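Everything on this sheet refers to the single structure shown next.
The values are calculated or read from the model by the stated rules, or taken from the named source; none is laboratory data. Note that the structure is a prediction, hence the values are computed from the model and not measured. No Cβ is skipped: glycine too gets one built from the backbone with ideal geometry, and neighbour counts run over all protein chains shown. Please note that ligands, DNA and RNA were not included when accessible areas were found on the heavy atoms of the full protein model with its side chains. Shrake-Rupley method; radii C 1.70, N 1.55, O 1.52, S 1.80 Å.
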Amino acid sequence: MTGAAVGRTQIEIDGAGSAIVFVHGLGGTSNSFQPLLGALGGFRCIRPDLPGSGRSPHPFQPLTIDFFVETIAEIVEKLGGGGVHLVGHSMGTLICQHLAARHPDAVKSLTLFGPIIEPPDSARERLRDRARTARQDGMIGIADAAASGGTSSTSRGANPLLAPLVRESHMRQDPEGFARTCEALARAEAADLRFLRCPTSIVTGDEDAVAPPSAAQALADKIKRSKLRILEHCGHWTPFERSQDCAKLLSEHVRAHEAS
């Protein structure tokens, strides 16, 4: 593993070969995809911390989904070495959808874990409330809620490290950076999925309250070359909760479409 940076965005790079670029979600970091790397031999795995998340400081300009898309596009241009496979989780899936729609020639495949299209109005208000909580009270309450509400009870029972891992991912966030990311997601708009040309793997959990199977199916219906998988007894943190299944699905998808 080596460290890198594009501007002030901190990046981890593992392996060698064709590039896979990973985009984490709200409360996540490059570590959100760590459990998947063992299945991706022969690929160069590029995992940034989005601006305002993890080790990447928040910039002076406002955080928006467009800004995140531009950040990942710059990483793809400078580090991708041609076409890349894009992998996202949660908010990261929306960033990936926008990027693949705007730069279809740069993306070989998409893999979307716990995908979202855009937040409904009720979720937008919850995100604004969460931003206020982060600024006023810090991350402890948010981290506790994410660890319990974002994962399935079956997953937590099978893996005692799951809840602490999700909790720590949130606890490591800068409260202001997290708040600004919440506000960016609260203003998010859907990508124009008519322009998606790459094969797309959509993966969600049957107990995912953020990206429920019905919403994932609605997304799959809008993407021509897509396939939906629903993981049983799984919540929103699919790469943590069902690491082996997610690693297998991702490996099979990128290898099948490496030459495309």
* Hey, any hits in the stretch 114-121 for a residue that's in contact with a His (Cβ under 9 Å, 6 or more places away or on another chain) and touching a residue at least 60 places away in the same chain (Cβ under 8 Å)? -> yes
* To do: Please find, within the stretch 21-37, the residue that is farthest from the chain's Cα centre (by Cα) out of those that are touching a residue at least 60 places away in the same chain (Cβ under 8 Å) and within 20 Å of Glu70 (Cβ to Cβ).
  => Val21
* To do: Residue by residue through the stretch 158-178, note down the ones that are assigned to a helix (DSSP H, G or I), of a type outside the set (Val, Ile, Thr) and open to solvent by less than 20 Å² (accessible area, probe 1.4 Å).
  => Leu162, Ser169, His170, Gly177, Phe178
* Of Thr181, Thr151, which residue is assigned to a loop (DSSP other than H, G, I, E, B), of a type in the set (Ser, Thr, Tyr) and buried (at least 22 other Cβ atoms within 10 Å of the Cβ)? -> Thr151
* For the stretch 223-231, state whether one or more residues are under 26 Å from Pro51 (Cα atoms), open to solvent by 50 Å² or more (accessible area, probe 1.4 Å) and of a type in the set (A, V, I, L, M). => no
* Failed criterion for Thr93 (all others in (1) open to solvent by less than 10 Å² (accessible area, probe 1.4 Å); (2) assigned to a loop (DSSP other than H, G, I, E, B) hold) -> (2)
